[in-house]
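Contents: one structure, followed by commentary.
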Amino acid sequence: MKLILIITQSSDADLLISNLIEKGFGATKLASTGGFLREGNSTILVGVENDLVDDVLSIVGSTCKSRERLMSPTPPGMMESMGGFIPYPIKVQVGGATIFVLNVERFEKV
Ligand code: 2BA
């Protein structure tokens, strides 16, 4: 068995959950925050048998879209020390999804 961790933009997460449930997969959505953008994203957990991993990845690929986000290159609280200089925001490509597939040693429901 595998545990698939899918980190995606919150705007794609609800549709992804619906598409997974519709195909009979169990899924759990957790609120998470990206370390780079410091913005909310969603982490979805899916436990599946080994031969179904590719089916899940295919649903993720067709649901989660890549987008451009604007971010300020200046960390919060640093503006004062920059002498009034206001930096241009930079474009960052985000998503569709970052995926980890982990081995599950034991799975139980009690
Ligand atoms: P964030 O850390 O907020 O990153 C958002 C996007 O910013 C990334 O999109 C990437 O395009 C860009 N980015 C991240 N670090 C960067 C850096 N040091 N320099 C320049 N650009 C950078 P994605 O790669 O699609 O990642 C989306 C989210 O997936 C990440 O949000 C993070 O929450 C998660 N993630 C990505 N790689 C990860 C990893 N190796 N381990 C754990 N979580 C990861």
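Out of Ile44, Ile59, Ile90, any idea which swings most in a Gaussian network model of the chain, alpha carbons joined below 10 Å?
Fluctuation is largest for Ile90.
Would you mind calculating the gained length between Glu49 and Val92 on full extension (0.36 nm times residue separation, minus the Cα-Cα distance), in nm to one decimal? Write down the numbers at each step before the final one.
On the way: separation 43, 0.36 × 43 = 15.48 nm, distance 3.48 nm.
Residue separation times 0.36 nm, minus the Cα-Cα distance, leaves 12.0 nm.
Taking the 0 to 90 degree range and rounding to the nearest ten, how far is the long axis of helix 10-22 tilted relative to the main principal axis of the chain, both from C-alpha atoms?
That helix lies at roughly 10 degrees to the long axis.
May I ask you to derive the relative contact order of the chain, considering only C-alpha pairs under 8 Å and at least 6 residues apart, and to give it as an integer percent?
On the way: 176 pairs, mean separation 40.3, N = 110.
So the answer I get is 37 percent.
Considering the options Ile21, Leu102, Ser72, tell which one lies farthest towards the positive end of the dipole of the chain, charges being +1 on Lys and Arg and -1 on Asp and Glu at the Cβ, about the Cα centre.
Ser72
Take the Cα of Leu57, step 7 Å along the line toward its Cβ, and report every residue of the range 1-39 whose backbone nitrogen sits under 14 Å from that point.
Once the point is set 7 Å along Cα→Cβ of Leu57, 2-6 turn out to lie under 14 Å by backbone N, inside the range 1-39.
Counting only trypsin sites (Lys or Arg not before Pro) that sit in a DSSP loop (anything but H, G, I, E, B) with at most 16 other Cβ atoms within 10 Å, what is the longest stretch of the chain containing none of them?
Details: sites that count: Lys23, Arg38, Lys65, Arg106, Lys109.
The longest such stretch corresponds to 66-105.
Top mean-square fluctuation among Thr28, Thr43, Thr98, Gaussian network model of the chain, C-alpha springs under 10 Å?
Thr28
If you build a Gaussian network model of the chain, linking Cα atoms that sit under 10 Å apart, which residue out of Gly24, Gly34, Gly61 swings the most?
Its mean-square fluctuation being the largest, the pick is Gly24.
About the Cα centre of the chain, how large is the charge dipole given +1 on each Lys and Arg Cβ and -1 on each Asp and Glu Cβ? Please answer in debye to the nearest 20. It would help to have the intermediate numbers written out before the result.
Working: 10 positive and 12 negative charges, 53 e Å.
Dipole of the chain, to the nearest 20 debye: 260 debye.
In the chain, how many lysine pairs have Cα atoms under 28 Å apart, counting only pairs 8 or more places apart or on different chains?
10
Laboratory data are not the source of any read-out in this text; all were calculated from the coordinates shown. Just so you know, these numbers come straight off a predicted model, no measurement behind them. Backbone-built Cβ (ideal geometry, glycine too); neighbour counts: all protein chains shown.
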